[in-house]
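Structure first, then comments.
The values are calculated or read from the model by the stated rules, or taken from the named source; none is laboratory data. Note that the structure is predicted; figures quoted are calculated from it, not measured. Cβ coordinates were reconstructed from backbone atoms using ideal geometry, including for glycine residues, and neighbour counts include every protein chain displayed. Each accessible area value is taken on the protein alone, full model and side chains, heavy atoms only, with ligands, DNA and RNA left out. Shrake-Rupley method; radii C 1.70, N 1.55, O 1.52, S 1.80 Å.
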Amino acid sequence: LSACFFHHGLSLDVPFPSSHEATVALGSLSPDREPRKGGISKQLTVSGSTLSVRWSADEARILRVSVSSFLDHLSLVLETMQKFGPPVSQ
Amino acid sequence: IYSISKYATKYLTCPMTVVIGFEGSANKIGIGIIRDGEVLSNPRRTYITPPGQGFMPSDTARHHRAVILTVLKEALDQAGLKPADIDCVAYTKGPGMGAPLVTVALVARTVAQLWGKPLLGVNHCIGHIEMGRLITKANNPTVLYVSGGNTQVIAYSERRYRIFGETIDIAVGNCLDRFARVIKISNDPSPGYNIEQMAKKGSQYVELPYTVKGMDVSFSGILSYIEAMAHKMLSSGQCTAEDLCFSLQETLFTMLVEITERAMAHCGSQEVLIVGGVGCNLRLQEMMGVMCQERGAKLFATDERFCIDNGAMIAQAGWEMFRSGKVTELEDSWITQRYRTDEVEVTWRD
């Protein structure tokens, strides 16, 4: 029902070398909630070796802030994986 | 007997527990490694802003992102350890600034998954207390926790670090930092350090408001007063910047000693431990020392390596928590800007 109030959306697909790495990124990026209470929703999923993010927001300004901070976070996680990976096999 | 867990297996073959701690709740980013009470490494970087400016959350987070992986490599290299040698990854869950906290938590979560190690979210205040206890060997002290973001008098009772008194507005370190901005004192290495050095040259005491309210203290009125008066008094030659530094320190620290003494009297405590960034101020230690001597009590304090935010303190609190059987699941590893000291159940003390 609340979806009808959202006027702005964005989808982002991030390819990873393997599904394990995509899952590690999902695990690192998922726990923190959006800082603001309403006006935006963000969903992260992994399918195969792709991490997908879907945003919907009721203002472009709020969407831009969320996407920009997500990209900062993603690039830090990628850099951490490059320097301190590859993942150990379980 | 064959279903024994991989962690239990490790205890049987090697009883040492190694914890890496990630801290970055304010303008310091630190990563430390502790092995059974021994600090193996504890590198740190500080985000220093120009005189007259404080540190903003997003700029501080950018600073932390830029250096955190270099600091992580230093921590491992200085300890001479490989990721496989580590048993648990501890990080600051809160309290603190949101953006810097997230930055540090992201790296902690990622390496914990890459290395296949359990994760542990630590309360920053508990980190200070446990590091102070480790370094000074204080047994059951009344704790004065004083920093840029926190001012609390704490005593342990029945599985909680209980807050006996605290600031009802801004932290004592925030009062000092903002006074430093008013008269453009350098933030390098820290505003508080520079105020401490200038205060030694002060000779005239300028009377300031004194605001102890029962067990609590208030600093915002003192700050407003000195903000309003400083430039007038300095330009008229009524006093010097050194006099203001001296007067502010004496007033703030007297208030802190008063509420600490009251908590000690209440608890019948004979030990005081000072922790937090302001705790490395030698004048505060001296004043607290006089009060302790008069009561026949003992004062414990540490130097800037362990008083000021650092990674080892998170590793040490993490070590205690991990050894008492705690871990944080990935989905529960969210950071929180508000996280009171007394919210944590202290499972590692009697």
Quiz item: Which of B:V89, B:V272, B:V290 moves the most in a Gaussian network model of chain B with Cα springs under 10 Å?
Solution: B:V290
Exercise. Could you please report the charge total around B:A230, scoring K, R as +1 and D, E as -1 over all other residues with beta-carbon less than 15 angstrom from its beta-carbon?
Key: -1
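Over 32 Å between Cα atoms: which of B:K28/B:K137; A:K83/B:K137; B:K117/B:K137; B:K28/B:K232; B:K82/B:K298; A:K42/B:K117 fall into that group? Mind dumping the intermediate values first?
Working: B:K28/B:K137 25 Å; A:K83/B:K137 38 Å; B:K117/B:K137 29 Å; B:K28/B:K232 34 Å; B:K82/B:K298 40 Å; A:K42/B:K117 28 Å.
Correct reply: A:K83/B:K137; B:K28/B:K232; B:K82/B:K298.
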Quiz item: What does the accessible area of B:D77 come to, in Å² to the nearest 10, when a probe of 1.4 Å is used?
Solution: 90 Å²
Self-check item: Loop-resident sites, the range B:247-350, for trypsin sites (Lys or Arg not before Pro), counting at most 12 other Cβ within 10 Å (DSSP)
Solution: B:R338
Quiz item: What does the accessible area of A:H8 come to, in Å² to the nearest 10, when a probe of 1.4 Å is used?
Solution: 70 Å²
Quiz item: Can you give the Kirkwood hydrodynamic radius of the range A:2-84 from its Cα pairs, in Å with one decimal?
Solution: 13.4 Å
Practice problem: Go ahead and collect, in residue order, the members of the range A:23-48 whose backbone nitrogen is under 19 Å from a label point 7 Å along the Cα-Cβ direction of B:D332. | Solution: A:27-33
Quiz item: Between the DSSP loop rule and a limit of at most 16 other Cβ atoms within 10 Å, which trypsin sites (Lys or Arg not before Pro) in the range B:138-177 are left?
Solution: B:R159
Practice problem: For chain A, find the longest principal axis of its Cα atoms and tell me its angle to the long axis of helix A:19-29, 0 to 90°, nearest 10. | Solution: 50 degrees
Quiz item: Considering chain B as a Gaussian network with a 10 Å cut-off on Cα pairs, which listed residue, B:S235, B:S25, B:S190, attains the greatest mean-square fluctuation?
Solution: B:S235
Quiz item: Based on DSSP H runs of at least 4 residues, each adding -39500 (n - 2.57), what is the mean residue ellipticity at 222 nm of the protein assembly as shown after dividing by all its residues, to the nearest 500 deg cm²/dmol?
Solution: -14000 deg cm²/dmol
Quiz item: Which residue, A:G38, A:G48, A:G27, has the most motion in a Gaussian network model of chain A that connects Cα atoms within less than 10 Å?
Solution: A:G38
Quiz item: Hey, rough spin-label estimate for B:Y210 and B:D59, points 7 angstrom out along Cα→Cβ, what's it come to in nanometres?
Solution: 3.7 nm
Practice problem: Please determine, in degrees from 0 to 90 and to the nearest 10, the orientation of helix A:60-84 with respect to the longest principal axis defined by the Cα atoms of chain A, where the helix direction is its Cα long axis. | Solution: 10 degrees
Quiz item: What helices does chain B hold that run 27 Å or longer along their axis, going by alpha-carbon atoms, with a Kyte-Doolittle average of 0.5 or more, using DSSP H for the helix calls?
Solution: none
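Less than 14 Å Cβ to Cβ from A:L12, Lys/Arg counted +1 and Asp/Glu -1: what total charge do the surrounding residues give?
After counting each charged neighbour, the total is +1.
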Quiz prompt | Residue range of chain B that is longest and free of GluC sites (Glu not before Pro) which are both DSSP loop and sparsely packed (at most 16 other C-beta within 10 Å) | solution = B:1-157
Practice problem: When you have a sec, figure out the Kirkwood radius of the range B:140-304 from all distinct Cα pair distances and drop it here in Å to one decimal? | Solution: 16.0 Å
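Whats the longest run of chain A with zero trypsin sites (Lys or Arg not before Pro) that are DSSP loop and have at most 12 other Cβ atoms within 10 Å?
Working: sites that count: A:R33, A:R36, A:K37.
Of all site-free stretches, the longest is A:38-90.
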Quiz prompt | Cβ neighbours within 10 Å from other chains - mean over B:323-332 | solution = 1
Quiz prompt | Reach of B:K200 by Cα under 19 Å, taken over lysines that are not fewer than 8 positions away in the same chain | solution = B:K184
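Once you sort the root eigenvalues of the Cα gyration tensor of the range B:87-150 as a ≥ b ≥ c, which label holds: rounded (a/c under 1.5), prolate (a/b larger than b/c) or oblate (the other case)? Before the final figure, lay out each step's value.
Numbers: a/c = 3.95, a/b = 1.56, b/c = 2.54.
Here the range B:87-150 falls in the oblate category.
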Quiz prompt | Share antiparallel - DSSP beta bridges, the protein assembly as shown, percent rounded to 5 | solution = 70 percent
Quiz item: Do any trypsin sites (Lys or Arg not before Pro) in the range B:165-204 lie in a DSSP loop with no more than 16 other beta carbon atoms within 10 Å, and if so, which?
Solution: B:K184, B:K200, B:K201
Exercise. Please list the equivalent ellipsoid semi-axes of chain B, computed as the square roots of five times the alpha-carbon gyration tensor eigenvalues, in descending order and whole angstrom.
Key: 37, 23, 16
